[in-house]
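Okay, structure first, notes after.
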Amino acid sequence: VHNGARLYTVDPRRTSSAQWANVWLGLDVGTDVVLANAIAREIITQGLVHKEFVDNATTGFDEYSQAVASYTLEHAERITGVPGEAIRELAHAYAGAKKAQMCWTLGITEHHNAVDNVLSLINLSLLTGHVGRSGSGLNPLRGQNNVQGGGDMGAIPNKLPGFQDVENDALRRKFEQAWNCAIPPKNGWHLTLMFEAMERGDLRSLYVIGENPAQSEANSPHAIHLMQGLDHLVVQDIFLTKTAELADVVLPAAAGWAETEGTVTSSERRVQRVRKALDPPGEARDDIEILCELARRFGHDWGHPTAEDIWNEVRRLSPMHGGMSYQRLEELGGIQWPCPDEQSLGSSYLHGRLWKRPVEGPLAPFSVVEHTPPADELTNEYPIRLTSGRRLDSYNTGVQSGGFQSPIRHAETLDICESDGRRWDVASGEKVRVLSRRGEIEMTVRYTGDLRPGLAFTTFHFPDEAETNKLTNPAWDKKSGTADFKATAIRIEKLETAVGA
């Protein structure tokens, strides 16, 4: 931005990114698909499509073009609240740029239609050819160190390490032979399906590593109730979280930073080494040691592998990591996957194959996606849209970030605009009752100029003070399993009114 790049920020809130932006498009919560489809229609009708790329590298354009035809600028303005001229400007700027990137985080993905939101953005990159080239692309930014690495290593229900499909017989057989075990031939359960299985009684034991679902799940009281009903709950963590307090067994772990050896992977796919500097305190053990000891007690002797031993196993089984020896990671300061062999320097950007003639591998498909409004409907009883998120100084349930003082951190608040404060007769600094269809909590109001009327914002960084996830909607995306954290319908009551009622 300092060097002349144009920044367009799409967010219901006027965030710090929006303050830096050339244009802020403050859309209504849950209308991302409408905005994206309207941008696509403008690009198509104004002849701004990268025709060569679309013809050579994609499939499904005609069907997609027909699907977005009804998303006029006027229709989009009515649904999103964004002026049609601002949508037009963004469409022309994005399509006309030599290089353009789209970045997003949980504001796109924590919805009941999360996958459709992402597909709508992918469609725009395919329309304009802003993919597979230096300086262009799609960037789902991770919220914390090594989230990417967890997915890369198969800590997701449908993939083996290296994003190899569990349901592919040949790939699964490769891992079965290496590990001398049988791997179930079907995709596993994601977290939401696990809770549904607990409710049915099909899941009776749970092993939680480095997660705090007692406070991070939507409709958290229900999640706690289900975990309390388990036959056995094991939690492995470096903190005694609220989830750990529910556990039958707590396994104290070593911190992933400073107390363990290994690797981490950033959002840009860069694998880097981490090195142990300190011994973990007390009885805490490295995750590798804990898992190997559990395996031994289950009758499987995995020996005492080092982090490098395990990494070399990853390299043998995951082609995209094959060329990343510890020595090369040290020498190069990190390598981006895919790096198939030790002659490769990695890949600074993905999907360059789409520009080869002929294209290497499958063509990129357009996806028809339609708008579906938030599942938690606004009504006279619940007229305010609450969206949750993060603040700069804290992270998620505050387990890691809440134990130190910060001059920029303040206690949890319910942020609203001043006009809504007058409408509901609540002052900035006043404690109020906040109610949704699932529960209620007490919070302190804070006026801010970053929100439009009808929109409230808070976090779940301080669940011991204000358990925001008592309010949030557990409706979830059937493709990804993500709950609808970003679009809760609420009302605000003055405490004396609520008590008097």
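The values are calculated or read from the model by the stated rules, or taken from the named source; none is laboratory data. The shown structure was predicted, so the numbers you read here are calculated from the model rather than taken from an experiment. A quick note on method: Cβ atoms are made from the backbone with ideal geometry, for glycine too, and the neighbour counts reach across all protein chains shown.
Here are some notes:
- Failed condition for Cys103, given (1) over 27 Å from Ala375 (Cβ atoms); (2) in a strand (DSSP E or B); (3) of a type outside the set (Asp, Glu): (1)
- Output for the stretch 61-77, where each listed residue is more than 15 Å from Ile43 (Cβ to Cβ) and in contact (Cβ under 8 Å) with a residue 40 or more places away in the chain: Glu63, His75
- Leading residue by the ranking (farthest from Gln19 (Cα to Cα)) among those in the stretch 451-469 that are among the acidic types (Asp, Glu) and surrounded by fewer than 18 Cβ atoms within 10 Å (Cβ to Cβ): Asp464
- A single entry from Gly143, Gly162 fulfils the requirement of being surrounded by fewer than 12 Cβ atoms within 10 Å (Cβ to Cβ), in a loop (DSSP other than H, G, I, E, B) and in contact with a helix residue (DSSP H, G or I) (Cβ under 9 Å, 6 or more places away or on another chain): Gly143.
- Selection from the stretch 57-80 of residues that are part of a loop (DSSP other than H, G, I, E, B), surrounded by fewer than 19 Cβ atoms within 10 Å (Cβ to Cβ) and within 29 Å of the chain's Cα centre (by Cα): Gly60
- For the stretch 134-160, the set of residues classified as in the same structural domain as Gly188 (by TED's automatic domain parsing) and charged (D, E, K, R) consists of Asp152, Lys159, listed by residue number.
- Any hit, the stretch 254-269, residues being modelled with pLDDT of 95 or more, surrounded by fewer than 17 Cβ atoms within 10 Å (Cβ to Cβ), out of contact with any Ser or Thr (no Cβ under 7 Å at 6 or more places or on another chain) and not in a loop (DSSP other than H, G, I, E, B): no
- Looking only at the stretch 194-253, and only at residues there that are of a type in the set (A, V, I, L, M) and part of a loop (DSSP other than H, G, I, E, B), the one that is surrounded by the fewest Cβ atoms within 10 Å (Cβ to Cβ): Leu240
- Residue list for the stretch 330-356, filter: among the aliphatic types (A, V, I, L, M) and either under 30 Å from Leu294 (Cα atoms) or not in a helix (DSSP H, G or I) (or both): Ile335, Leu345, Leu350
- Being of a type outside the set (D, E, K, R), in a loop (DSSP other than H, G, I, E, B) and surrounded by 14 or more Cβ atoms within 10 Å (Cβ to Cβ) holds for only one residue in Val29, Val54, and it is Val29.
- Inspection of the stretch 470-479 finds no residue satisfying the criterion of being under 22 Å from Ser16 (Cβ atoms) and touching a helix residue (DSSP H, G or I) at 6+ places or on another chain (Cβ under 9 Å).
- Gly154 falls short on exactly one of the conditions (1) free of Cβ contacts under 8 Å to residues at least 12 places away in the same chain; (2) over 18 Å from Thr45 (Cβ atoms); (3) surrounded by fewer than 17 Cβ atoms within 10 Å (Cβ to Cβ), and that condition is (3).
- Cβ-Cβ contacts under 6 Å between residues 6 or more apart (or on different chains), taken from a first residue in the stretch 196-215 that is under 18 Å from Pro474 (Cβ atoms) to a second residue that is among the β-branched types (Val, Ile, Thr) and surrounded by 13 or more Cβ atoms within 10 Å (Cβ to Cβ), are listed as Asn212/Thr241; Asn212/Thr243; Asn212/Thr397; Asn212/Val399; Pro213/Thr243; Ala214/Ile224; Ala214/Thr243; Gln215/Thr397.
- Residue match in the stretch 303-313 (condition: among the acidic types (Asp, Glu) and either modelled with pLDDT under 95 or in a loop (DSSP other than H, G, I, E, B) (or both)): no
- Selection count where residues are in contact with a Gly (Cβ under 9 Å, 6 or more places away or on another chain) and either at pLDDT 90 or above or in the same structural domain as Trp24 (by TED's automatic domain parsing) (or both), scope the stretch 456-469: 2
- Evaluating Gly47 against the criteria (1) of a type outside the set (Val, Ile, Thr); (2) over 18 Å from Trp104 (Cα atoms); (3) in contact with a Phe, Trp or Tyr (Cβ under 8 Å, 6 or more places away or on another chain) leaves one unmet condition, (3).
- Some residue of the stretch 334-348 being buried (at least 16 other Cβ atoms within 10 Å of the Cβ), more than 26 Å from the chain's Cα centre (by Cα) and among the aliphatic types (A, V, I, L, M): no
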